[in-house]
Structure formats: structure tokens, C-alpha cells
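Notes to accompany the following structure.
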Amino acid sequence: MKWFSGLLLLISVFLWQLLSWLGILPPYRIPSPLGILKGLSTLLVDGLPPGYLLHRHALESLLRVFYGFGIASALAIPLGIVMGWSKIIRAILTPFVEIVRPVPPLAWIPLAILWFGIGIKSAAFIIFLGAFFPILLNTISGVLMLDVRLIEATKVLGARETDILLKVLAPGALPSLWTGLRIGLGIGWMTVVAAEFTGVKSGYGLGYLIMIARDIQRPDQIVGGMIVIGFIGYFLDSILRRIESRLLEWM
Amino acid sequence: MEPLLRLINIRKTFNSVKDQKVEAVDEISLEVWEGEFLCILGRSGCGKTTLLRMIAGLEPPTGGEIFLENQLIRGTDPNVGLIFQEFVLLPWRTVLGNIEFGLEVMGVDQAQRRRKAMEYIKIIELEGFEHQYPKELSGGMKQRVAIARAIICNPKILLMDEPFAALDAQTRFNMQKFLLSLWEKTGKTIFFVTHNVDEAVFLGQRLILLSSRPGKIISETKVDLDYPRDIHSMEFIRIRKEALQQLENN
């Protein structure tokens, strides 16, 4: 099946190129694949703005994502386990979570800039908000879905509260938690680009790159940037899936 | 001699949906002696599981008291082991990891608990399966792991809640024989709950019959047959028939 989807991709790109050659897809609306490749190569070699090379843009965006995503995981996982474990804490905190959660991370940008200024901190904060809730909610549901008898069985074997938290709830919630991490990283990656649209005034970032390409009307470079974003997102998720198959081999 | 376990007037009522009280266990008093193999026999829903859960400290009784060696049971206690019907192994731990669990939370160091767990793997005849996950085991193997996991903590009494009910007939028979040999080897006190009359007569030195809703003791029978028991012997058939009749009449 893999070769088939590869083939399909190849055929579509070829068709796209063909339609561009025939003039059916005008380059000022959508550039041809070859044109995009050329745009990408200028991004790699000359950079945009000149001297700001593509890989540095990507690395800077990745750094922001890891920053925000890392903090989000570090807070959401323990909080999710505790909220799943304790009915009282869950009842107290759920309203807060449910009110803050629907606010789009992007709506926080003005506040983020007010608090952290323009730069990695405010971008990381926006990403944090995007990644935090999927991780939190999936961790909670992972704990809630656990078979109560597992907890009872370990209690009978002498497990104390901390044993149950660390040795039963945490590993037991892992499958669902991991899904939360994958969703959180995906949303974080989507948010970084959007955050860079408005939150970065100079320097590096794939979102920033696309904004400049728009300003100088280079659709080839716009789409080139979009493709890089897509590939990196895919790559990030495939890393998590790799780890997942190792981590959850017991399932 | 003092009994190992003493139940005094144990009652348990639950609040049902419409705030009605449902009596699950009614005034059960009994004594269990050290080294004994006791079978509690009753139909489904007679409160057997509730009774076990109270002894294991997972639920407090509504009335009455439970003593283990004159100590009032207030919560779970490593001295009381419990085996569930559905095995309940930690799916993310290997056979070895599951068996080690109790020692781990007790703070036994790794080398020592590994050594001890390997001993028990030999006892339950699962050599070669140490590093398998529960999903890779059959029902009978899972239950052996659960038994090893419980007895490695050296409990004074092992409570078993229909441990073989989920197994096919042949495996169940093998597990019954395995349990008897384990009991003979270790001398553990076993408190075995089942709805299966054959199983109870095959295993127990003493049978206690419970009525349904609420669970109440109907009778107590001593089974004075040598192990391994011949299920076709006259005496076996007679005890079995009597137990069946009593269950039907109550």
C-alpha cells in the first residue's frame, strides 16, 4: 500500500506540472511544482529575507514548539493524572478548564505580547496553550478509563497512594496520554506558524517566512514554506508514532 | 487455639438507585483456621464477592467486625491476598514485573525480588514466559501469575473469588489440581469462593453454603475425603447432591 500512495502522489504532482505547462493553472494563482522547487532552492541558498536561510527558519519554529510543548506536557500530564484520580479536584478544576479551553490560542496573542513581549517566550506561550488542553483531557480520560480493579488489585498487594499514582495510573493512562501528546504536538506545530504571522516582527520562523513571501508576492516561496511545514509536521508525528509502538508494545 | 480469621456478625447493605437499601450480606459469622482450605459456596449474586471484598479491606462492612489474628481489619493489608476472577494483571508489566509488584512496593531491592520472582515462576511452571506480557498468555497462565503475585508477598490468608470461573473446563480442572498441590506445598490458608458445587467439594476441607439475597449461612459441611479426591466416589456424590439440594431450597 505504501508504494501505491507514493505512486499516487507522484502522479498528482506530475498532473499538476502538466496543467501548469498547459497554462490551465496560471503561476500567479498557484505555482507549478517545478516553480515551487525553484522557490525552495532560493529559500535554501539565498534565504528570505536575503541571508535568512530556510533551515534556520525551520529550526527556530521547532525550538518554539519544543519550548511550548515541553512545558505543556510537563504540566498537563501530572495535572491530568491527579484530575483523573481525584473526583474532588476534577470537580473543582473542570469548569476552569472548560472555560479557558474554547478560547483559541491565537486570541491570546495580544495578551501574550503584552506579558512576554515579542519573541520566543510569547510564541512558546501560544504553543503551550494549543498543546496543553489536548494533553490534559486525554490524560484525564486515560486515567478514567482504567479498570478500577487494577487499582484494587495493587492496593491489596500493599500499594500506597504514590505507588498507585506512579505505577498504576501513570502507565495505565499512557495509551490515551500518548494520543494527547500527538494531538498536542500537531496543534502546537500549527499554532507556531500562526503565532509567527503576528507575533514575530523580524528574525526567523516559518510563519514569518511565509508572511514576507506574501509581502513580496512570491507564491512559489509561500507554497514552498507551506510544504516544509507539512513535511516537518509529518516527521514530528512519525517520531512520536515510532516511540509509541515501542512504548505500548504491551497493548 | 485461636482462629486465623474471625468474622463476627458481618452485614453489608448497599443503597440502590431509588435509595432503597439492598442487603447483600446478612449476619455472617465464621472462623477460619490456619492452614485450612475453606470453600464458600453460593449462587451468583449471593454476596460472596462482597464478603471477600470486606475481608480484603476494599470495603468496610455495614455492621460487624473482621479480625485477622485478633487485629481488626480496617483496610487493605499485605497479610490478606486476593485473587480476582478476571485475573487483573497489570497489562504493561511482564510476567516477572507483575509477580515482583508486591515486593517492589514493599521496598525489596531489585536483585532480591528478581531472584524471588524467578523462584515463584518455577513454582507456577511458567519458566520461559518471564518476559511475556499478559496479552500473550492464556487464561490459565494469567491466573497462575496472579496467584504467584499474591503469594510472593507471603500473605497469611489467600482469598480467591471464583478464580477459575472464566477458564474452560479442562484448564479449570488443571488449575484446581495445581492449587491443591500449591496448598499442600505451602500450607497457606485458602478462602475460596465459588458457585460451582463440584469445584467446592473437590477442593474444600470445609464447605459453607450461602443463601441468596441476602447472603446468609445455610449450613456448614466438613468434607472428610482424602486428596486427590475421586469425583466418582459414593461419598463425593453424596456430599455434592446434598449441597445442591440445599442451594436449591434456599
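Structure notes:
- Inter-residue pairs, beta-carbon under 7 Å, first over 14 Å from A:VAL228 (Cβ atoms) and in segment A:26-54, second among the small types (Gly, Ala, Ser) and in a helix (DSSP H, G or I), 6+ apart: A:PRO27/A:SER20; A:PRO27/A:GLY35; A:PRO31/A:GLY39; A:SER32/A:SER20
- Qualifying residue in segment B:121-137 (condition: surrounded by fewer than 20 Cβ atoms within 10 Å (Cβ to Cβ), within 22 Å of B:GLU34 (Cβ to Cβ) and under 20 Å from the mean Cα position of the chain (by Cα)): yes
- Screening the candidates A:TYR208, A:TYR204 for the property of being away from chain B (no Cβ under 11 Å), more than 15 Å from B:TRP92 (Cα to Cα), outside any helix (DSSP H, G or I) and not β-branched (Val, Ile, Thr) yields one hit, A:TYR204.
- Residues that are without any contact (Cβ under 8 Å) to a residue 24 or more places away in the chain and surrounded by 22 or more Cβ atoms within 10 Å (Cβ to Cβ), drawn from segment A:182-213: A:ILE210
- The number of residues in segment B:1-26 that are touching a residue at least 40 places away in the same chain (Cβ under 8 Å), farther than 17 Å from B:CYS46 by Cβ and crowded, with 16+ Cβ neighbours inside 10 Å comes to 3.
- Being surrounded by fewer than 18 Cβ atoms within 10 Å (Cβ to Cβ), free of Cβ contacts under 8 Å to residues at least 40 places away in the same chain and closer than 30 Å to B:GLU27 by Cα holds for only one residue in B:ASP224, B:ASP168, B:ASP198, and it is B:ASP224.
- Within the set B:LEU96, B:LEU90, the sole residue that is on the phi < 0 side of the Ramachandran plot, modelled with pLDDT of 95 or more and touching a Ser or Thr at 6+ places or on another chain (Cβ under 8 Å) turns out to be B:LEU90.
- Evaluation of B:LEU30 against (1) under 30 Å from B:ASP224 (Cα atoms); (2) crowded, with 23+ Cβ neighbours inside 10 Å (one fails), failing number: (2)
- Candidates A:SER41, A:SER73, A:SER61, A:SER32 - the one that is of a type in the set (Ser, Thr, Tyr) and surrounded by fewer than 16 Cβ atoms within 10 Å (Cβ to Cβ): A:SER41
- Identity of the residue in segment B:36-47, of a type outside the set (Phe, Trp, Tyr) and surrounded by fewer than 23 Cβ atoms within 10 Å (Cβ to Cβ), that ends up farthest from B:ILE10 (Cα to Cα): B:GLU36
- Scanning segment B:41-65 for residues that are out of contact with any Ser or Thr (no Cβ under 9 Å at 6 or more places or on another chain) and over 20 Å from B:GLU31 (Cβ atoms) yields B:THR49, B:PRO60.
- Candidates in segment A:131-170 are the residues that are in a loop (DSSP other than H, G, I, E, B) and among the hydrophobic types (A, V, I, L, M, F, W, C); of these, the one that is farthest from the other protein chains (Cβ to nearest Cβ) is A:MET145.
- When residues in segment B:56-65 are screened for being among the small types (Gly, Ala, Ser) and within 14 Å of chain A (Cβ to nearest Cβ), 2 of them pass.
- Residue among A:ALA72, A:ALA107 that alone is without any contact (Cβ under 8 Å) to a residue 12 or more places away in the chain, in a helix (DSSP H, G or I) and more than 26 Å from A:PRO219 (Cα to Cα): A:ALA107
- Boolean, B:ARG149 is free of Cβ contacts under 8 Å to residues at least 60 places away in the same chain, surrounded by 19 or more Cβ atoms within 10 Å (Cβ to Cβ) and among the basic types (Lys, Arg): no
- Evaluation of A:LEU165 against the conditions (1) modelled with pLDDT of 95 or more; (2) out of contact with any Lys or Arg (no Cβ under 8 Å at 6 or more places or on another chain) shows that the sole unmet condition is (1).
Per-residue answers, yes or no, for (1) touching a Leu at 6+ places or on another chain (Cβ under 8 Å); (2) modelled with pLDDT of 90 or more:
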{"position": "B:TRP183", "(1), (2)": "no, yes"}
{"position": "B:PHE191", "(1), (2)": "yes, yes"}
{"position": "B:HIS195", "(1), (2)": "yes, yes"}
{"position": "B:GLY204", "(1), (2)": "yes, yes"}
{"position": "B:GLY215", "(1), (2)": "yes, no"}
{"position": "B:ILE218", "(1), (2)": "yes, no"}
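- Strands (runs of 3 or more DSSP E) wholly inside segment B:161-250 containing at least 1 residues that are of a type in the set (Ser, Thr, Tyr): B:189-194, B:217-222
- Taking every residue in segment B:75-95 that is more than 8 Å from chain A (Cβ to nearest Cβ) and pairing it with any residue that is acidic (Asp, Glu) and surrounded by fewer than 19 Cβ atoms within 10 Å (Cβ to Cβ), at least 6 positions away or on another chain, the pairs with Cβ-Cβ distances below 6 Å are B:VAL95/B:GLU130.
- Any chance B:LEU68 is within 22 Å of B:VAL32 (Cβ to Cβ) and more than 10 Å from every other protein chain (Cβ to nearest Cβ): yes
- A:LYS87 surrounded by fewer than 13 Cβ atoms within 10 Å (Cβ to Cβ) and basic (Lys, Arg): yes
The values are calculated or read from the model by the stated rules, or taken from the named source; none is laboratory data. It should be emphasised that the depicted structure is a prediction, and the values quoted were computed from it without experimental measurement. Note that we place each Cβ from the backbone using ideal geometry, even for glycine, and neighbour counts take in every protein chain shown.
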